[in-house]
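Each remark here refers to the structure printed beneath this line.
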Amino acid sequence: MECTVLSLLLDSGRIAGAFGYDREKGHFILWSAKSIVVATGGIGRAFKITSNSWEYTGDGHALAYRAGAELLDMEFVQFHPTGMVWPISVQGILVTEGVRGEGGVLRNSEGRRFMFDDIPELYKEQTADSEEEGWRYTQGDKNARRPPELLTRDHVARCINREVKAGRGSPHGGVYLDIAWIKDRIKDGAEHIKRKLPSMYHQFKQLAEIDITQVPMEVGPTTHYMMGGIRVDGDTQASSVPGLYAAGEAAAGLHGANRLGGNSLSDLLVFGRRAGQFAAAFAKENGAAAVDQSQVDATAKAALKPFDIGPSGENPYQIQYELQEFMQALVGIVRVESEMQDAAERVTKLRTKSERAGIANHRQYNNGWHTAMDLPNLLDVSEAITRAALMRKESRGAQFREDYPNKDAEWGKYNIVVRRGADGEIVTEKRPVQPLPAELKQVIEEMK
Amino acid sequence: MATQAMFRIWRGDAGGGKLYDYNTPVDEGMVVLDAIHRIQAEQAPDLAVRWNCKAGKCGSCSAEINGMPKLMCMTRLSDLNLDMPVIVEPMHAFPPIRDLVTDVSWNFRAKKTIKKFKPRPPDAPDGTWRMQQADVDRVQEFRKCIECFLCQDVCHVLREHHKHDEFIGPRHLVYAAALQMHPLDTEDRIPDLKHKHGIGYCNITTCCRQVCPEFITITENAIIPLKERVVDQFFDPLKRFLRIL
């Protein structure tokens with residue numbers, strides 16, 4: 001059954017249930033629950049170009065925020081360096097890191113491997129200094145260092161961004177990712193590529209009519225993953241609201257300021273299970289909470305408002321597009337104070353506009369209504385991202401600020417927490433980073 | 001390429017419906033789903049369409065485009081004749097919910113009637129198995145299925161004759177084949193395929209294979225080998241003779 005949750009219900013501060021609707025019929029549904037695990041994924045749809053599906057509208061983040069939970073690290077949005085840029089129907093769809101892992105290289109329109117031009121000091125020691133060495137690394141040579149194409153995602157994304165802005169991009173506003181060249185190095189290269197990267201071969205063949213064993217792909221950055229989310233306890237996945245748990249992308253903390261490839265899957269397997277275990281234990285230890293009918297009625301009333309306004313109201317799709325446009329332009333890969341201030345003001349204005357969103361017809365599978373219901377969530381997470389990004393006056397991990405391009409050791413001591421104030425206003429505050437538990441410190445020492 | 005196109009879209013619900021015309025601007029590189037989204041955003045906000053990944057991987061946006069079962073996200077406008085209206089209808093083999101959205105839940109119920117994977121005990125003390133690569137390769141193709149149900153939609157047994165109660169359809173025959181041919185599996189699904197799942201209804205017209213967006217060789221690699229196993233178990237004259245003796 002396809003369902004959407006509209007609000008989390010509370011009984012004197014603890015979780016009592018959830019209220020939402022099913023898409024097929026448009027009926028409201030009330031779930032009574034002693035505990036709830038939020039596993040709603042990310043926020044990619046707040047941006048124009050994203051690898052995420054339509055569902056990634058930050059519902060879980062926003063539901064928890066409105067229920068009083070604290071959000072953490074919301075400034076850290078990961079832009080994956082390689083998404084498809086053409087044709088427009090597939091803009092943003094992910095091109096796996098595996099292409100570069102197998103020896104794929106990034107080139108600009110002049111044919112230059114521009115990633116060699118900008119290797120951060122911190123990674124110089126671990127990065128190949130010649131194309132030859134980089135190639136050997138991709139072929140499993142343990143003595144070789146990794147090619148600069150495999151530097152952290154934020155850095156590669158910014159370098160691509162810079163090449164495009166400098167006019168050295170590909171025809172559709174990306175750069176070239178070339179795996180076809182390895183045919184010079186490997187016998188039966190075309191077959192090798194198809195065998196190693198079957199889904200990428202088919203993806204480009206079918207969606208773009210491009211044979212990646214013959215010609216380079218065009219790629220550009222795409223909004224991919226949210227490091228920030230609901231602040232949870234590292235052991236139990238419990239949020240600051242009793243009975244509310246979170247797992248996966250909706251939870252924060254595990255990936256710090258920048259997730260590494262593959263770590264999301266292990267996150268889900270380990271901490272998803274833990275969230276379930278501890279939520280179940282909470283439900284066992286605590287009796288049923290009472291559902292407050294007035295909360296249900298208020299949510300239902302707000303949900304039906306677009307029908308009361310009717311088709312002469314604001315178009316919900318256009319509001320969503322407007323948000324995606326300016327979040328992409330103003331709070332994207334490269335951030336700066338003035339632009340983010342602008343974005344924050346626009347979010348406020350758009351919120352007013354979204355309250356006038358109107359819809360025709362009835363509730364049964366009405367995509368316009370669904371879109372209108374997503375707007376408050378998108379606006380809440382966009383505001384949280386923008387406020388947190390403004391507050392962190394440094395560049396770290398996925399956040400790059402042109403006005404503060406360096407890492408600041410002082411800022412490294414703090415996380416930013418976003419929560420809802422007593423009057424419904426957004427509050428951002430610095431919170432000292434929790435010290436590492438002794439047993440984890442020991443593990444890290446042993447790994448050194 | 002044309003800059004405007006006419007889309008003739010079926011709108012309605014379980015009670016009936018009809019085709020409505022929408023004229024919309026189109027750009028190079030668009031697929032049918034892009035055009036549907038543009039119509040939604042600009043002309044018909046309540047137009048119902050189910051979609052998700054927009055990359056031919058989730059199997060949600062199945063519909064009939066100019067009469068052919070297709071994924072809307074994988075049908076490029078450049079491959080259609082835009083001088084004529086593009087007709088977009090929901091799948092016919094399933095009950096309509098609204099507009100382009102159908103109720104495909106019968107498929108989930110039908111799938112549950114197939115006996116589950118039953119592996120033999122592990123081959124090694126550490127709980128692992130050993131398989132031949134050739135045996136793995138044989139079932140690999142079936143695992144590409146994205147459950148878009150276009151094969152179910154095109155199949156005349158379901159589409160024209162509505163044998164949903166007697167025939168599980170190509171998708172589930174592929175699923176049964178994936179389990180039955182799995183090198184570790186020990187279950188016997190052949191009697192069910194004959195009696196309960198109606199494999200005999202399939203007269204191998206290959207319509208399902210032709211509409212599969214994952215290019216699974218449904219008829220030749222899944223259904224025919226299963227039919228052969230049914231024949232082997234139930235209709236082999238020599239075996240029959242031996243049984244009599």
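A short reminder: the numbers here are calculations on the coordinates, not readings from a lab. None of the values given here were measured: they were computed from a predicted structure. All Cβ positions, glycine included, derive from the backbone under ideal geometry; neighbour counts span all protein chains shown.
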| Surface/4 of the Cα convex hull for region B:72-130, nm² | 8.4 nm²
| task | Determine by what factor the alpha-carbon radius of gyration of region A:79-222 differs from 2.2 N^0.38 Å, reporting the quotient. | result | 0.98
| message | One quarter of the convex hull surface, Cα atoms only: what value does that give for region A:1-54 in nm²? | response | 4.9 nm²
| field | Sparse-neighbourhood loop sites, chymotrypsin sites (Phe, Trp or Tyr not before Pro) in region B:143-245 - DSSP loop, at most 10 other Cβ within 10 angstrom | value | B:Phe235
| task | Starting with the fewest neighbours, write out B:Ile9, A:Ile444, A:Ile426 ranked by other beta-carbon atoms found within 10 Å of each beta-carbon. | result | A:Ile444, A:Ile426, B:Ile9
| message | What percent of all Cα-Cα pairs in region A:365-439 falls into each 10 Å bin, going from 0 up to the bin containing the maximum distance? | response | 16, 35, 27, 16, 5, 0
| query | Which residue fluctuates the most in chain A, going by a Gaussian network model with Cα springs under 10 Å, if the choices are A:Gln91, A:Gln237, A:Gln318? | reply | A:Gln318
| said: Placing unit charges on C-beta atoms (Lys and Arg positive, Asp and Glu negative, everything else neutral), compute the dipole magnitude of the protein assembly as shown about its Cα centre in debye, rounded to 20. | reply: 1520 debye
| note | Along the dipole axis of region A:235-319 (charges at Cβ: +1 for Lys and Arg, -1 for Asp and Glu; origin at the Cα centre), the most positive-end residue among A:Ala302, A:Gly287, A:Phe271 is A:Phe271
| chain A: DSSP helices with Cα axial extent of at least 30 Å and average Kyte-Doolittle hydropathy no lower than 0.0 | A:367-391
| query | Highest GNM mean-square fluctuation, chain B, Cα pairs closer than 10 Å: which of B:Gly127, B:Gly169, B:Gly16? | reply | B:Gly127
| said: Students often get this wrong, so check it: of B:Lys116/B:Lys239; A:Lys284/B:Lys116; A:Lys124/A:Lys165; A:Lys25/B:Lys163; A:Lys48/A:Lys430; A:Lys393/A:Lys430, which have C-alpha atoms separated by over 21 Å? | reply: B:Lys116/B:Lys239; A:Lys284/B:Lys116; A:Lys124/A:Lys165; A:Lys25/B:Lys163; A:Lys48/A:Lys430
| task | Using only alpha carbon positions, build the gyration tensor of region A:173-291, then give the equivalent ellipsoid semi-axes as the square roots of 5 times its eigenvalues, largest first, whole angstrom. | result | 45, 15, 13
| query | Which whole-percent values make up P(r) of region A:315-448 when all C-alpha to C-alpha distances are grouped in 5 Å steps starting at zero? | reply | 2, 9, 15, 16, 15, 13, 10, 7, 6, 4, 2, 1, 0
| query | Translational D (Stokes-Einstein, µm²/s) of region B:105-238 at 4 °C and 1.567 mPa s when Rh comes from the Kirkwood sum over C-alpha pairs? | reply | 84 µm²/s
| query | What are the principal axis extents of the Cα atoms in region B:4-102, in Å, biggest first? | reply | 36, 29, 24
| query | Where a Cα-Cα gap under 28 Å defines reach, which lysines qualify for A:Lys194, not counting those fewer than 8 residues away within the same chain? | reply | A:Lys142, A:Lys183, A:Lys205, B:Lys54, B:Lys57, B:Lys70, B:Lys144
| Roughly how many debye, to the nearest 20, is the charge dipole of region B:76-171 about its Cα centre, given +1 on each Lys and Arg Cβ, -1 on each Asp and Glu Cβ, and no other charges? | 600 debye
| task | Let me know the whole percent of all Cα-Cα pairs from region A:40-115 that are separated by more than 18 Å. | result | 56 percent
| query | How do B:His37, A:His362 rank when sorted from fewest to most other Cβ atoms within 10 Å of their own Cβ? | reply | A:His362, B:His37
| query | Quick one: if you take sqrt(5λ) for each eigenvalue of the C-alpha gyration tensor of chain A, what semi-axes come out, biggest first, whole angstrom? | reply | 39, 26, 21
| note | The exposure ranking of A:Met74, A:Met327, B:Met6, B:Met30, fewest beta-carbon neighbours within 10 Å first, is B:Met6, B:Met30, A:Met327, A:Met74
| task | Bin width 5 Å, alpha-carbon pairs only: give the P(r) of chain B as whole percents, running from 0 to the bin holding the largest distance. | result | 1, 6, 12, 15, 16, 13, 11, 9, 7, 5, 3, 2, 1, 0, 0, 0
| remark: In a Gaussian network model of chain A with springs linking alpha carbons closer than 10 Å, the residue among A:Gly167, A:Gly243, A:Gly234 that fluctuates most is A:Gly167
| For region A:251-303, what does the alpha-carbon gyration tensor say about shape, rounded, prolate or oblate, given a ≥ b ≥ c as the root eigenvalues, a/c under 1.5 as rounded, and a/b over b/c as prolate? | oblate
| said: Report D for region B:5-57 in µm² per second (integer): Stokes-Einstein, Kirkwood Rh on Cα pairs, 4 °C, 1.567 mPa s. | reply: 106 µm²/s
